[in-house]
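Data first, discussion second: the structure below is written as structure tokens.
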């Protein structure tokens, strides 16, 4: 009995550690500034995978086979091959598989608990930063430099952080400090990861309004992310419209509809920023950062040129001489993924993300239409962030493997 308890406790510790790695290596600036943490994380995870007697399956080999095929085709097309990039590709798509197969069906619950913890931590720093600007300045100028992992030659801006909280300066936007980034590289990314936690938590609790979701909602609101607001409002609306179907659900509409309208009209796809976006596109050789709309439009040009195999992950094959300028800055995750991997693999990837949510929903006796709501929300948050080749989102692609016929599979 004691041994069982000890083993169970050790398993929980290992699972929490692996899910933490999965999330941290996806978007915590301290862990993503170099490739070393991912390599170390992969080695540790593979060791645990081996010790636990887990095995690779056919779906993993099909996925890796397709990735190798894409790499070969891209190498022939562009007459360029990078061993480091190719090895990194396999490592990046193997690490989440290892975590999913080790943690199994408990992965969503561990993820919910971590995002809940990170939300609490973010408020501990975020609220005092609003009330006391000097506290924010102290974090930015005196504490965050201790954890600085930036490199001198990187043209992209490194997000100052204290590991579990990112300290971003938004004074250039007219707000001294009014957006919550949580532990991720920016507020929009934090909103996206939190919305995934809301989806998981709503399914597992069989209700939308619960303690953790209230905290998650406050966290998303504190990001001031329009894409996050839009994804959240769509999720809430369709959840109550399609899933709940009761009179009380319609009481949410006076709140949901204005939030939806605000989020949609504030997106630069239809507001005055569109004019600036089109101007940027006309002068596409500029070194200025690009909006999500311009990123999508320029990405679509690349997709049309290479729709089947894509241009690959290497900036050399995608941008050539402009690989180390703002020309290579793209922030639309939906189109960015299609440029890198081609349209066939794009559909393959998102179908199995949808399939994972379908299996997860059915395991809690939820309607499979929940999965359509989930994938729609994910595509919306992806419109403004390049999430989809990050470890956590790849784990969503593999998550269906731990369920059989909608029931929980214990592994």
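Just so you know, all these numbers are worked out from the coordinates, no wet-lab data involved. No experiment lies behind these values; they were computed from the predicted model shown. Heads up, the Cβs are rebuilt from the backbone with ideal geometry, glycines too, and the neighbour counts pull from every protein chain shown.
For this structure, a couple of remarks:
- FRET efficiency, 1/(1 + (r/R0)^6) with R0 45 Å, evaluated for residue 206 and residue 316 via beta carbons: 0.35
- Largest to smallest principal axis extent of the C-alpha atoms in the stretch 1-114, angstrom: 60, 34, 22
- Sorted ascending by nearby beta carbons within 10 Å, beginning with the fewest, 22, 209 become 209, 22.
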